[in-house]
1. From the phi angles alone, apply the Karplus equation (6.51, -1.76, 1.60; θ = phi - 60°) to the range 119-132 and give each ³J(HN,Hα) in whole Hz, x where the residue is Gly or Pro.
2. How large is ³J(HN,Hα) for each residue in the range 48-60, as worked out from phi by the Karplus curve 6.51 cos²θ - 1.76 cosθ + 1.60 (θ = phi - 60°), to whole Hz, x for Gly and Pro?
3. Sequence neighbours fewer than 8 away in the same chain don't count; with that in mind, list the lysines whose C-alpha is under 28 Å from residue 129.
4. Specify the residue with the greatest mean-square fluctuation among 68, 161, 116, computed from a Gaussian network of the chain linking alpha-carbon atoms under 10 Å apart.
5. Give the share of C-alpha pairs in each 10 angstrom bin for the range 39-132, from 0 to the last occupied bin, in whole percents, shortest bins first.
6. So which trypsin sites (Lys or Arg not before Pro) in the range 1-89 are both in a DSSP loop and have at most 14 other Cβ atoms within 10 Å of their Cβ?
7. If you put +1 on each Lys and Arg Cβ and -1 on each Asp and Glu Cβ, how big is the dipole of the range 114-161 around its Cα centre, in Debye rounded to 20?
8. Out of residues 5 or more away from residue 74 or on other chains, whose amide H comes under 5 Å of its own, with H placed 1.01 Å from N in the peptide plane?
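Bear in mind these aren't lab numbers, they're just calculated from the coordinates by the rules spelled out. What you see is a predicted model, and the numbers here were worked out from it, not measured in a lab. All Cβ positions, even for glycine, are placed from backbone atoms using ideal geometry, and neighbour counts span all protein chains on display.
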Amino acid sequence: EVGLGKTIEAGLIWTELRVRQDARRLLVVCPAMLRDKWCSELANRFGVKAQRVDAGELLHHLDKSKADRTEEFALVVSMQGMRPPRDWDSDTPSRSASAQLARFLQDAEDEEPLLDLVIVDEAHYLRNKGTQTHRFATLLRPVTDGLVLLSATPIQMRSTDLFNLLHLLDEDA
C-alpha cells in the first residue's frame, strides 16, 4: 500500500544490519524521480548520508570497495541509468559506463559480496525477465549479502511476473 512506510521499513532493516552485522555498503536502486527523496529520507530519519551517483561513479565505488572492504558508503542510483545496453556482453561490447558496470558485476559474481544491502524501490519494474532493468537486478543479486524489494503496486500481474520477482530473491525457490 502507498504510504505504509516502505522507505522507513527499509531504513530500519539497514540500521539493524549496521548494528548487528557491521554492514557498511548500501545501494538503493529506484526510479530517477525518487533519488532525492531517498537521500533526504535516509539523512533525516536515519542519519545516513546517501550520495546520488551514476553508473560510472557506482563502478568506481564498487571497484574501490573490492580492494578495501572497510570502505563505507550509501549510494542511490536510478534504475534507468543502470540498465546495461543490450550489447554489453557482445563481441564488440558497448563502452558506456552502464555496460562497464555490468561487465564488472558479472566478473565479481563469484567473489566476496561487494554490497551489504541492495534496496530496490518500485520493484514491480523488475517483473519482466526480458528487460534490461531485470538484467541489472540479476547482475546485482550475486554481489550483495541482502536484497530488499519494495513496491506499492498491487499484485495485479501474471504469476510469471511474481515468479520473476521471487526468483531474484531466491534462485532456488
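1. 10, 10, 8, 6, 5, 4, 5, 8, 5, 8, 4, x, 8, 6
2. Couplings: 9, 8, 9, 10, 6, 9, 9, 4, x, 5, 4, 4, 4 Hz.
3. Correct list for residue 129: 6, 37.
4. In this elastic network of the chain, the residue with the biggest mean-square fluctuation among 68, 161, 116 is 68.
5. 14, 42, 35, 8, 1
6. Working: sites: 6, 18, 20, 24, 25, 35, 37, 45, 49, 52, 64, 66, 69, 86; in loops: 24, 49, 69, 86.
The qualifying sites are 49, 69, 86.
7. On the way: 5 positive and 5 negative charges, 62 e Å.
The dipole magnitude comes to about 300 debye.
8. The answer is 26, 51.
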